[in-house]
Amino acid sequence: MIVVTRLNDSQFAVNPDLIERIHASPDTTLVMVDGAKYIVTESMAEVIEKIAAYRAQVLSLARDLPVTVHPIHPRNT
């Protein structure tokens with residue numbers, strides 16, 4: 001999740017994978033895949049930077065997980 005700020009200075013977290021588009025005219029608006037729209041104080045560049053940092057963190061965490069191998073058992077048919 002990324003944290004963004006509403007125009008009234010309250011913060012909320014949004015799943016960046018559900019952002020369909022970002023508009024910046026003049027306020028930054030996040031348009032979600034379900035059609036919901038959120039106007040935020042961050043610039044478009046800041047939102048994109050937060051998304052990139054979030055995805056980099058996910059990849060970093062995944063890389064640090066131990067590798068476990070689960071044996072495949074054929075089904076008894």
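Placing +1 on the Cβ of each Lys and Arg and -1 on the Cβ of each Asp and Glu in the chain, which of HIS73, HIS23, SER60 has its Cα farthest towards the positive end of the resulting dipole?
HIS73
Run the simple label-point estimate for ASP64 and LEU18 please: 7 Å along Cα→C-beta, distance reported in nm.
Taking the two extended label points, one gets 2.7 nm.
Between 0 and 90 degrees, rounded to the nearest ten: what's the tilt of helix 44-64 against the longest Cα principal axis of the chain?
Orientation of helix 44-64: about 20 degrees from the principal axis.
How long is the gain from VAL3 to ALA45 if the chain were fully straight, where each residue apart is worth 0.36 nm and the alpha carbon distance is subtracted?
Numbers: separation 42, 0.36 × 42 = 15.12 nm, distance 1.43 nm.
Gain on stretching VAL3 to ALA45: 13.7 nm.
Give me the dipole magnitude in Debye, nearest 20, for the range 17-57 about the Cα centre, with unit charges on the beta carbon: positive for Lys and Arg, negative for Asp and Glu. Present the calculation step by step, with values, prior to reporting the outcome.
Details: 4 positive and 7 negative charges, 10 e Å.
Dipole size: approximately 40 debye.
Given that just one value was derived from the coordinates, which of (1) 48; (2) 53; (3) 32 is percent of Cα pairs over 19 Å apart?
Answer by label: (1).
Using the crude model of +1 on Lys and Arg Cβ and -1 on Asp and Glu Cβ, and no other charge, please compute the dipole size for the chain relative to its Cα centre, in debye to 20. Intermediate results must be reported in sequence, preceding the final value.
Values: 7 positive and 9 negative charges, 73 e Å.
It comes to approximately 360 debye.
Where a number appears in this text, it was derived from the coordinates with a stated rule and is not lab data. Just so it is clear, the model here is predicted, and its values are computed rather than measured. Counting neighbours? That spans all protein chains shown, and the Cβs are built from the backbone with ideal geometry, glycine included.
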